[in-house]
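*Asks:* Have a look at this one before I ask anything.
The values are calculated or read from the model by the stated rules, or taken from the named source; none is laboratory data. Owing to the predicted nature of the structure, the values given are computational and were not obtained by experimental measurement. Every residue, glycine as well, gets a Cβ built from its backbone with ideal geometry; the counts of neighbours run over all protein chains shown. SASA here: full protein model, heavy atoms, side chains in, ligands and nucleic acids out. Shrake-Rupley method; radii C 1.70, N 1.55, O 1.52, S 1.80 Å.
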Amino acid sequence: MEDNPSHIVLLNCDVCCSFPLPEMLEAHIRYGGMGTILVIKVSAESAYQFGELVADPVTNELLHYTEKPETFVSDRINCGVYIFTPDIFTAIQGVSTQRKERADLRRLSSFEALQLATRSLPKDFVRLDQDILSPLAGKKQLYTYETTGFWEQIKTPGMSLKCSALYLSQYQFTSPNLLANGDGTKSATIIGNVYIHPSAKVHPTAKIGPNVSISANARIGAGVRLISCIILDDVEIKENAVVIHAIVGWKSSVGKWSRVQAVGDFNAKLGITILGEAVAVEDEVVVVNSIVLPNKTLNVSVQEEIIL
């Protein structure tokens, strides 16, 4: 609360989103409530995986909120992006105080105390969804702002690639200067949305894209083909190597004529290939649908494996 902020933005850390925060803040001020929740419409079949909510279609007031219900409530879900006034801290304190008072008032037998201890939360532990959002629904305190942009949860490593592609696509409208271009003459051939850090070295005969991000000081050799991948800092991809549906970790190297690839199933455990930090894939080695922990050297081909 230093410098007395008028509003507080709270973001779940596993959210990939277009983050319409200026528009959301404008709506929040117009509503005049304590908090505004970013929501999005999803399929009725997938809604149960998230916090479902019902809002007034005219005022956008939050009327009902339930976290991962067993029966269908709504196809509008909580995106995990919030704007609150500082009053949110008073509400949190109120929940904590009520819980403490209830615990102090109730005198328990030893058996009851044992039973309660196994299922109750600490007195100072407050859950935003069940302790704040649900009780305040319908009390003109919380409102919703529905986004028409993109939103995903990053629940698997593969989702990182999907989300990277979404951000690259957004750059077309928000930061087109960040997207690379080239036709294979003086610079590499670029297909679709590609980001290349200014310090990266990419050979003109390489073919990059779509949906590729190349980080600082990476070195991409002659004839390299990159599709749907994230190349992190200080990576070297040597001549004629191929990387598809993969994340290549810092300081890793992929040898000549090698392939690091996966099927691209973003929800599967081994749907993409991941090379940890400082992994060396030697020449003419194929790595498919695998996860390789840091500081490993692969001199034989692997498929559907986790290399510890």
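*Asks:* Just to be sure I follow the definition: excluding the sites themselves, where is the longest run in the chain that has none of the chymotrypsin sites (Phe, Trp or Tyr not before Pro) in a DSSP loop with at most 12 other Cβ atoms within 10 Å? Walk me through the numbers on the way to the answer.
*Replies:* Values: sites that count: PHE72, PHE125.
With chymotrypsin sites (Phe, Trp or Tyr not before Pro) excluded where exposed in loops, the chain gives 126-308 as its longest stretch.
*Asks:* I've got another one for you. Under the rule that an exposed site lies in a DSSP loop and has at most 12 other Cβ atoms within 10 Å, name the longest stretch of the chain with no GluC sites (Glu not before Pro) of that kind, not counting the sites themselves.
*Replies:* Numbers: sites that count: GLU2, GLU45, GLU70, GLU304.
By the stated rule (loop sites, at most 12 other Cβ atoms within 10 Å), 71-303.
*Asks:* Give me the net charge of GLN153's neighbourhood, meaning all other residues with Cβ under 13 Å from the Cβ of GLN153; Lys, Arg count +1, Asp, Glu -1. Intermediate results must be reported in sequence, preceding the final value.
*Replies:* Details: positive: LYS68, LYS155, LYS162; negative: ASP14, GLU152.
Around GLN153, the charge tally is +1.
*Asks:* Further, regarding this structure: From largest to smallest, what semi-axes in whole angstrom does the chain give when each is the square root of 5 times an eigenvalue of its alpha carbon gyration tensor? Don't skip to the answer; put the middle values down first.
*Replies:* Values: eigenvalues 426, 125, 56 Å².
In descending order the semi-axes read 46, 25, 17 Å.
*Asks:* Could you tell me what a quarter of the Cα convex hull surface of segment 178-308 works out to, in nm² with one decimal place?
*Replies:* If you wrap the Cα atoms of segment 178-308 in a convex hull and average its projections, you get 6.7 nm².
*Asks:* Which percent of the accessible area of the chain is formed by carbon and sulfur heavy atoms (probe 1.4 angstrom)?
*Replies:* Its accessible area is 53 percent carbon and sulfur atoms.
*Asks:* Excluding GLY223 itself, what net charge comes from residues whose Cβ is under 10 Å from its Cβ, given Lys and Arg +1 and Asp and Glu -1?
*Replies:* Working: positive: LYS207, ARG225, LYS238, LYS256; negative: GLU239.
That works out to +3.
*Asks:* Next question, about the same structure. Normalise the Debye intensity by I(0) for segment 112-257, one equal point scatterer per Cα, no solvent, then take log10 at q = 0.15, 0.18 Å⁻¹ and round to two decimals.
*Replies:* Log-scaled intensity ratios, in q order: -0.77, -0.99.
*Asks:* I'd like the distance separating the alpha-carbon centroids of segment 45-69 and segment 147-165, in whole Å.
*Replies:* Going from one Cα centre to the other spans 21 Å.
*Asks:* Step through the table entries LYS162/LYS186; LYS68/LYS155; LYS41/LYS162, compare each Cα-Cα distance with 22 Å, and write down the pairs that go over it.
*Replies:* Working: LYS162/LYS186 30 Å; LYS68/LYS155 16 Å; LYS41/LYS162 19 Å.
Going by Cα-Cα distance, LYS162/LYS186 fall outside the 22 Å limit.
*Asks:* Given axes a ≥ b ≥ c from the Cα gyration tensor, I'd like to know whether segment 12-78 is rounded (a/c under 1.5), prolate (a/b larger than b/c) or oblate. Show your work: numbers first, answer last.
*Replies:* Numbers: a/c = 2.23, a/b = 1.40, b/c = 1.59.
Since a/c reaches 1.5 but b/c is at least a/b, the shape of segment 12-78 is classed as oblate.
*Asks:* Next question. Under the rule of -39500 (n - 2.57) per DSSP H run of 4 or more residues, summed and divided by the residues of the chain, what mean residue ellipticity at 222 nm is obtained, to the nearest 500 deg cm²/dmol?
*Replies:* On the way: 4 runs with 56 residues, N = 308.
Mean residue ellipticity at 222 nm (helix-derived): -6000 deg cm²/dmol.
*Asks:* While we're on this one: Calculate how many DSSP beta bridges within segment 261-308 are antiparallel, expressed in % of all such bridges and rounded to the nearest 5. List each step's numbers first, then the result.
*Replies:* On the way: 0 of 9 bridges.
That works out to approximately 0 percent antiparallel.
*Asks:* Give me the net charge for the shell around ILE40: Cβ to Cβ below 13 angstrom, other residues only, Lys and Arg +1, Asp and Glu -1.
*Replies:* Numbers: positive: LYS41, ARG76; negative: GLU52, ASP75, GLU146, GLU152.
My count for the surroundings of ILE40 gives -2.
*Asks:* Skip the ligands, DNA and RNA, and give the accessible area per residue of segment 200-308 with a 1.4 Å probe, whole Å².
*Replies:* Values: 4680 Å² over 109 residues.
Ligands and nucleic acids excluded, the figure is 43 Å² per residue.
*Asks:* Follow-up. Counting only C-alpha contacts under 8 Å and six or more residues apart, can you give the relative contact order of the chain as a whole percent? Could you put the intermediate results ahead of the total?
*Replies:* Numbers: 721 pairs, mean separation 36.0, N = 308.
Across the chain, relative contact order equals 12 percent.
*Asks:* Calculate how many DSSP beta bridges within segment 144-266 are antiparallel, expressed in % of all such bridges and rounded to the nearest 5.
*Replies:* 5 percent
*Asks:* Under 19 Å from the Cα of LYS140, which aspartates and glutamates turn up, not counting those fewer than eight places away in the same chain?
*Replies:* The qualifying aspartates and glutamates are GLU26, GLU52, ASP56, GLU61, ASP87, ASP129, ASP131.
*Asks:* Where both residues lie in the chain, what percent of DSSP beta bridges are antiparallel, nearest 5? Intermediate values should be presented prior to the final figure.
*Replies:* Details: 22 of 68 bridges.
Looking only at bridges with both residues in the chain, the antiparallel portion is about 30 percent.
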